[in-house]
Amino acid sequence: MTSDVGDQLIAAARSLYSRSLTHGSTGNLSVRTADAILVTPTGSSLGAVERRDLSIIDLQGTHVDGPKPSKEAFLHAAILRARPQANAVVHTHSTHLAAVSCLADLDSEDALPPLTAYFAMRIGRLRALPYFAPGDDRLGPAAEAAARDRGALLLRNHGPIVAGVSLGQAMDALEELEETAKLFLLLRGMSVRYLSESEREAVDPSRSRLAPQ
């Protein structure tokens, strides 16, 4: 583990917490290193986590070194296995996305509509997974299968999890998701103009450097 990777993870954790994208001891982040995964620990606030608190797991989710990892570390490993081009995963319980995850009428293949070009560019389509209790290891295979063609997932009655080529890219995509969820909730019940399919395809994330790969 290089000091830079650990420092970046801590800076990202503090940033998420300071901007109320996490609360209490919710949320977790990970970064792929040369031969392992660095992940935030269990039961810790992202606003107070220190370098010495970070855990190391392998690609199977097995705890290798450091303090006990987040109980959702297996989920990070599953997504990184599914997306070999990704090097970071961000999971939060951010308020507006958590609210959307609780709605009964979501399209599981397209959980948020294309309200802006930036959502279409950075996310594409958001897939919602069925509900699993926190720490339920059955979520691992479900997330791994879904993540093969989606860089961002919404866990039902829980929150988002996003992969990116870099930690910065994953953070950007997470924030775009949260802002889109906020717009979606603000606009519910109103007549809304969504992007057309052709407008959405014109900024398809498979052709965008901003996509959560």
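Spin-label point model (7 Å from Cα, Cβ direction): what's the Ala34 to Arg19 distance in nm?
3.2 nm
Can you give the helix-only mean residue ellipticity at 222 nm for the chain, where every DSSP H stretch with n ≥ 4 adds -39500 (n - 2.57) and the sum goes over all residues, rounded to the nearest 500 deg cm²/dmol?
Result for the chain, helices only: -10500 deg cm²/dmol.
Taking the Cα-to-Cβ direction at Ala133 and at Arg148 and moving 7 Å from each Cα, how far apart do the two end points lie in nm?
Reported label-point gap for Ala133 and Arg148 is 2.9 nm.
Once phi is turned into θ = phi - 60°, what whole-Hz ³J(HN,Hα) does the Karplus curve with 6.51, -1.76 and 1.60 give for every residue of region 57-69, x standing for Gly and Pro?
Working through the residues one at a time gives 10, 9, 5, 8, x, 6, 5, 9, 7, x, x, 4, x Hz.
Find out how many positive minus negative residues lie around Ala147, taking Lys and Arg as positive, Asp and Glu as negative, among other residues whose Cβ is under 10 Å from that of Ala147.
Around Ala147, the surrounding residues sum to +3.
Taking only Cα atoms and a 10 Å spring cutoff, compute GNM fluctuations for the chain and point out the largest among Met121, Met190, Met171.
Met190
Specify the angular offset, from 0 to 90 degrees and rounded to the nearest 10, of the alpha carbon long axis of helix 3-18 from the longest principal axis of the alpha carbons in the chain.
The angle comes out near 50 degrees.
Counting only residues 5 or more places away or on other chains, whose amide H sits under 5 Å from the amide H of Arg125 once H atoms are built in the peptide plane?
Amide H neighbours of Arg125, under 5 Å, 5+ apart: none.
Using the Karplus curve 6.51 cos²θ - 1.76 cosθ + 1.60 with θ = phi - 60°, what ³J(HN,Hα) values do you get for each residue of region 100-113, in whole Hz, with x for Gly and Pro?
For region 100-113, the Karplus-derived couplings read 4, 5, 9, 6, 7, 9, 6, 7, 5, 8, 8, 5, 10, x Hz, x marking Gly and Pro.
Stretch Cys102-Arg188 to full length: gain in nm at 0.36 nm per residue minus the Cα-Cα span? It would help to have the intermediate numbers written out before the result.
Working: separation 86, 0.36 × 86 = 30.96 nm, distance 1.44 nm.
Answer, rounded to one decimal: 29.5 nm.
In a Gaussian network model over the chain where Cα atoms closer than 10 Å are linked, find which of Thr116, Thr40, Thr22 has the largest mean-square fluctuation.
Thr116
Tell me whether region 28-101 comes out rounded, prolate or oblate; compute the Cα gyration tensor, take square roots of the eigenvalues as a ≥ b ≥ c, and use a/c under 1.5 as the rounded threshold.
oblate
Based on DSSP loop calls and a cut-off of at most 15 other Cβ atoms within 10 Å, the longest stretch of the chain free of exposed GluC sites (Glu not before Pro) is what?
Result, exposed sites excluded: 110-213.
What is the distance in Å between the Cα centres of region 2-33 and region 107-141?
21 Å
Check each of the trypsin sites (Lys or Arg not before Pro) in region 128-170 and keep only those in coil by DSSP with at most 12 other C-beta atoms within 10 angstrom; list them in order. Mind showing how you got there, number by number?
On the way: sites: Arg138, Arg148, Arg150, Arg156; in loops: Arg138, Arg148, Arg150, Arg156.
Those satisfying the criteria are Arg138, Arg148.
Give, as a single signed number, the net charge of other residues whose beta carbon lies under 15 Å from the beta carbon of Leu38, with Lys and Arg counted +1 and Asp and Glu -1. Before the final figure, lay out the partial values.
Numbers: positive: Arg32, Arg51, Arg52, Lys68; negative: Asp4, Asp7, Asp35, Glu50, Asp53, Asp58, Asp65, Glu72.
That sum, taken over residues with Cβ under 15 Å, equals -4.
If I compute Kirkwood radius over Cα pairs in Å from the structure I just sent, which labelled value in (1) 21.2; (2) 17.6; (3) 17.0 lines up?
The listed entry that was calculated here is (3).
Bear in mind that the values in this text are calculations on the coordinates, not laboratory data. In this text, all values refer to a predicted model and were calculated from it rather than measured experimentally. Cβ: placed from backbone, ideal geometry, glycine included. Neighbour counts: every protein chain shown.
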